[in-house]
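Here is the structure we will look at.
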């Protein structure tokens, strides 16, 4: 099976939203270059936060409400 991404955020988004550094690309210099802008208050960090929020909202299924409803239905039987 081939997939263009391996990280869950990228797979869910269907595009690269986080840098994927695999195998020989996973070296300190590349990790630092990818992470340092995200550890500071930067436009890149703010954009990533916004993208994660949008991704979260798109996959939310209301599991807590569904579980509560199932418990209520069982309790009423």
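Residue by residue, here is whether (1) touching a residue at least 24 places away in the same chain (Cβ under 8 Å); (2) surrounded by 10 or more Cβ atoms within 10 Å (Cβ to Cβ); (3) not in a helix (DSSP H, G or I) holds:
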site: 6; (1), (2), (3): no, no, yes
site: 11; (1), (2), (3): no, yes, no
site: 29; (1), (2), (3): no, no, no
site: 41; (1), (2), (3): no, no, yes
site: 44; (1), (2), (3): no, yes, no
site: 51; (1), (2), (3): yes, yes, no
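Can you go through 63, 75, 34 and tell me which one is free of Cβ contacts under 8 Å to residues at least 60 places away in the same chain and surrounded by 13 or more Cβ atoms within 10 Å (Cβ to Cβ)? Exactly one of 63, 75, 34 is free of Cβ contacts under 8 Å to residues at least 60 places away in the same chain and surrounded by 13 or more Cβ atoms within 10 Å (Cβ to Cβ), namely 34.
Take the residues in the range 13-27 that are within 14 Å of the chain's Cα centre (by Cα) and outside any helix (DSSP H, G or I), then tell me which one is surrounded by the fewest Cβ atoms within 10 Å (Cβ to Cβ).
To start, the set of residues in the range 13-27 that are within 14 Å of the chain's Cα centre (by Cα) comprises 13-20.
If we keep only those that are outside any helix (DSSP H, G or I) too, we end up with 14-20.
Values: 14: 9, 15: 11, 16: 12, 17: 17, 18: 16, 19: 14, 20: 14.
By that ranking, first place goes to 14.
Readers should treat all values here as calculations from the given coordinates under stated rules, not as data from a laboratory. Note that the coordinates shown come from a computational prediction; the quantities given were computed from them, not determined experimentally. Methodologically, a virtual Cβ is constructed for each residue, glycine included, from the backbone with ideal geometry; neighbour enumeration extends over all protein chains shown.
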